[in-house]
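The values are calculated or read from the model by the stated rules, or taken from the named source; none is laboratory data. For clarity, every value in this text was computed on a predicted model and none was experimentally measured. Reconstructed Cβ throughout: ideal geometry from the backbone, glycine too, with neighbour counts over all protein chains shown. When the accessible area is computed, the model is the full protein with side chains, heavy atoms only, and any ligands, DNA or RNA have been set aside. Shrake-Rupley method; radii C 1.70, N 1.55, O 1.52, S 1.80 Å.
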Amino acid sequence: MKSILVANWKMNPQTMREAKGLFDATRKAAESAKDVSIMVAPPAIFLRELSQAYKGKRISFAAQNAHFQKEGAYTGEVSMSQVKDAKAAAVIIGHAERRAMGETNEETRAKINAAMAQKLQPIFCVGEHERSGAGEHFLFVKEQLRAGLQDIVPANLGKIVIAYEPVWAIGATEAMTPRQMHEMTIFIRKSLVGSHGDKAMKIKILYGGSIDETNAREMVLEGEVQGLLVGRASTNPAKVSALIKSLA
Ligand code: PGA
């Protein structure tokens with residue numbers, strides 16, 4: 001089965017020239033990695049130029065965020081239709097860094113609905129801030145999932161990608177262990193099937209947080225995830241190539 005790699009460049013790099021260089025390194029590695037499906041999520045301002053210049057099939061594009069309103073007076077925002085028009089196929093929704101800037105569960109719900117209306121694939125991020133022995137983090141994630149996905153009809157469940165990213169492992173020195181992820185994968189799958197029925201088996205689950213070429217493969221195999229959402233390592237040309245090769 002193909003694994004998915006979402007390259008979340010965040011607010012990097014600083015010039016279009018560098019963005020092209022980074023994309024080129026990603027593209028080259030992608031060419032020899034048939035069983036990895038790569039999604040590049042560049043800053044919105046680079047999206048169209050990169051997607052227009054790319055003629056291959058191996059890579060698709062995602063926006064890092066978009067607004068839930070169709071259009072209008074929302075200074076600094078981009079709409080789902082604009083993202084679609086720039087040839088993105090997907091949009092990241094509810095990333096921990098957006099939530100830290102105030103994005104609510106209610107907004108993730110509105111954004112998922114708005115993305116679906118534009119036929120953009122939502123990459124819906126969930127994850128707790130911390131863990132305690134009592135296991136409250138499971139309830140926290142369950143509530144994020146419930147809130148974000150409450151309007152999704154069963155027929156559309158297969159279009160959703162869940163990216164589980166424990167906030168404490170994002171930008172950290174160590175990822176979560178594949179074993180902990182395995183437990184979380186089962187929990188997420190169970191809660192989704194519990195609330196949405198068997199069709200939820202089709203939802204893809206990714207892990208994100210401190211992944212690079214040294215731990216990617218292990219996380220996919222032992223964490224039983226369908227792919228990874230990667231920040232830092234995806235913005236370093238050498239690292240992203242090594243990471244893609246390690247998954248292929
Ligand atoms: P990181 O970021 O790979 O730099 O930890 C992951 C993310 O925020 O998606």
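As a size descriptor, the averaged projected area of the C-alpha convex hull of the chain was calculated at 12.5 nm². Taking Cα centre as origin and charging only the Cβ of basic (Lys, Arg, +1) and acidic (Asp, Glu, -1) residues, the dipole magnitude of the chain rounds to 940 debye. On a per residue basis, the convex hull of the C-alpha atoms belonging to the range 1-52 measures out at 70 Å³. In whole percents, the pair-distance distribution calculated for the range 134-210 from its alpha-carbon pairs, binned every 10 Å from zero, is 18, 52, 25, 5. Note on the chain: helix-only mean residue ellipticity at 222 nm, from DSSP H runs of 4+ residues weighted -39500 (n - 2.57) and normalised by residue number, equals -12500 deg cm²/dmol. For the range 1-139, a Kirkwood hydrodynamic radius built from all Cα pairs, placed in the Stokes-Einstein relation at 37 °C and 0.692 mPa s, yields a translational diffusion coefficient of 204 µm²/s.
Report note on the peptides 226-239, 96-109, 57-70: ranked by the mean count of other C-beta atoms within 10 Å, highest first, their order is 226-239, 57-70, 96-109.
Packing-based ranking of 142-148, 131-137, 76-82, 164-170 yields 164-170, 142-148, 76-82, 131-137, ordered from highest to lowest mean Cβ neighbour count within 10 Å. Remark: the range 3-247 carries 47 Å² of accessible area per residue (probe radius 1.4 Å; ligands, DNA and RNA excluded). For the listed peptides 179-187, 48-56, a ranking on the average number of other beta carbons within 10 Å per residue, highest first, reads 179-187, 48-56.
Distance from the Cα centroid of the range 85-135 to that of the range 146-221 is 12 Å (rounded to whole angstrom).
Under a model in which nothing but the beta-carbon of Lys, Arg (+1) and Asp, Glu (-1) is charged, the range 9-138 shows a dipole of about 680 debye around its Cα centre. Overall, the ratio between the Cα radius of gyration of the range 72-174 and 2.2 N^0.38 Å, rounded to two decimals, is 1.13.
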